[in-house]
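The next block holds one structure in the form of structure tokens; read it before the comments.
Here, each number is a calculation from the coordinates, and none is a lab measurement. As the structure is a prediction and not an experimental result, all values here were calculated from the model. Don't worry about glycine lacking a Cβ; one is built from the backbone with ideal geometry, like all the others, and counts go over all protein chains shown.
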Amino acid sequence: MYEWQKQIQQIVDEIDHCIEGYNDEALTLRRLSRKMGYSEFYTTRKFKEISGMPFRDYLRQRKLAFALKEVRDNEKSFLDIAFDYGFSSHEAFTRAFKRMYGVAPSEYRKQPRPVVLRTKINPFDRYFLGLGEIGMVKSTEDIKTYFVTIPAHKFLHIKNNESNGYWDFWQKQSQIPGQDCDTISGLLDSIKGKLDDKGGNKADSSSGQAMAYISDPDGRLCDWGFLRSECYGVRLPMDYQGEVPEQMIMLDVPEAEYLVFEHGPFDYEQENRSVEEEVEKAMKDFDFSATDYHYDTTPGRVIYFYHDPERFWKYVRPVVKK
């Protein structure tokens, strides 16, 4: 089963690569199946078994996720967008868009609102599958530590007062209607103007999104010695006026100083656990004696955690002068 999950992951990666390159001709089940050396029937069956949805449905929904960002972010004609993403006509694209998002492309361009995009699935995740780290650490980057002042902003998020860690957080959220990982990530992915977004029209569920920890008297006691609630969301400009999804919370975060612990790019399969241990140790051992600061754990303060193997592993922790 693990081998099939790896192969389905290769298909998933290839799908996004082809969509980004507007290479619709390569996005056929026949071609993708041949690359793996299996029949279309067998590949379709295994894709649905592992991903939980038919191949054609996933492909159509991913195309529409990319297309929505084109509708939202530029003035390209709907006909050009339709052809770029493999639709036979403007009408076919409009029907599919409206069926998926409940609004026509022309209406959405005039007034974008949060909708649930089909985020990229990751059927082969060594940690989720319980396989752990391969252990062949390759990167030699040290932990960068620096102070920054972050301007006032908004934080749109969901939170859980009882969860303990990323996997436990999403397991608990999946029990709440409308707050599972796919729905929340899809909603956040559709929002324009995220402060941490890498930009462009790439339908990347991680872009601009972050795990966070809010110092919260109603939260659980963490290893860092204070009560906190775990959260997941996006930072937005202070003047953001967009719609707030009903299952989310909008928090105003004042300008403040933060201490950043950052590790550069790393190999997720080979280094994730090792990098985590390095960063955790750096935070634990940091010597504040040569500074005028200490960690700020007053209620409402937010710690941001960014996990993007292609860019960094980063904690951004609020500090305050002694």
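Take the Cα of ASP196, go 7 Å toward its beta carbon, and the backbone nitrogen atoms of the range 242-266 under 13 Å from that spot belong to 260-263.
Extending 7 Å from the Cα toward the beta-carbon at both ILE176 and ARG99 defines two label points whose distance is 3.3 nm.
Based on alpha carbons, the Rg and Dmax found for the range 144-321 are 15.9, 48 Å.
Here the spin labels are modelled as points 7 Å beyond Cα on the Cα-Cβ line, and at MET53 and LEU221 they lie 4.2 nm apart. Normalising the Debye intensity of the range 241-312 to I(0), with uniform scatterers on Cα atoms only, and taking log10 at q = 0.12, 0.13, 0.14, 0.20 Å⁻¹ returns -0.52, -0.60, -0.68, -1.02. What you get for the range 168-285, charging only the Cβ of Lys and Arg (+1) and of Asp and Glu (-1), is a dipole of about 200 debye around the Cα centre. In sequence order, the range 94-111 has phi-based couplings of 4, 4, 5, 4, 5, 5, 7, 10, x, 8, 6, x, 5, 5, 5, 4, 6, 9 Hz under the Karplus curve 6.51 cos²θ - 1.76 cosθ + 1.60, θ = phi - 60°, and Gly or Pro positions carry x. Between amide H atoms placed 1.01 Å from N, distances below 5 Å from MET238 occur with LYS154, all of them 5 or more places distant or on a separate chain. Relative to the compact-globule estimate of 2.2 N^0.38 Å, the Cα radius of gyration of the range 2-110 comes out at 1.14.
Each residue of the range 77-92 was assigned a 3J(HN,Hα) from its phi angle through the Karplus curve 6.51 cos²θ - 1.76 cosθ + 1.60 (θ = phi - 60°); the sequence is 5, 5, 5, 5, 5, 4, 5, 4, 10, x, 8, 6, 7, 4, 5, 5 Hz, with glycine and proline shown as x. Rounded to the nearest Hz, the phi-derived 3J(HN,Hα) couplings of the range 22-38 under the Karplus curve 6.51 cos²θ - 1.76 cosθ + 1.60 (θ = phi - 60°) are 6, 9, 5, 4, 7, 8, 10, 4, 4, 5, 5, 5, 4, 4, 8, x, 10, where x marks glycine and proline.
Measuring nothing but alpha carbons in the range 21-82 and taking Rh as the Kirkwood radius, the Rg to Rh ratio lands at 1.08.
For the pair GLU3 and ASN23, a Förster radius of 22 Å applied to the C-beta separation gives a FRET efficiency near 0.25, rounded to the nearest 0.05.
Close amide H pairs (under 5 Å, H built 1.01 Å from N) link GLY219 with ARG228, residues at least 5 positions away or on another chain.
Among residues other than VAL244 whose Cβ falls under 13 Å from its Cβ, what is the net charge (Lys/Arg +1, Asp/Glu -1)? Within the 13 Å Cβ shell, the charges total -1. Between the beta carbons of LYS284 and VAL148, assuming R0 = 22 Å, the FRET efficiency works out to 0.60 to the nearest 0.05. Between 0 and 90 degrees, the angle of helix 55-73 with respect to the longest Cα principal axis of the chain falls at about 70 degrees.
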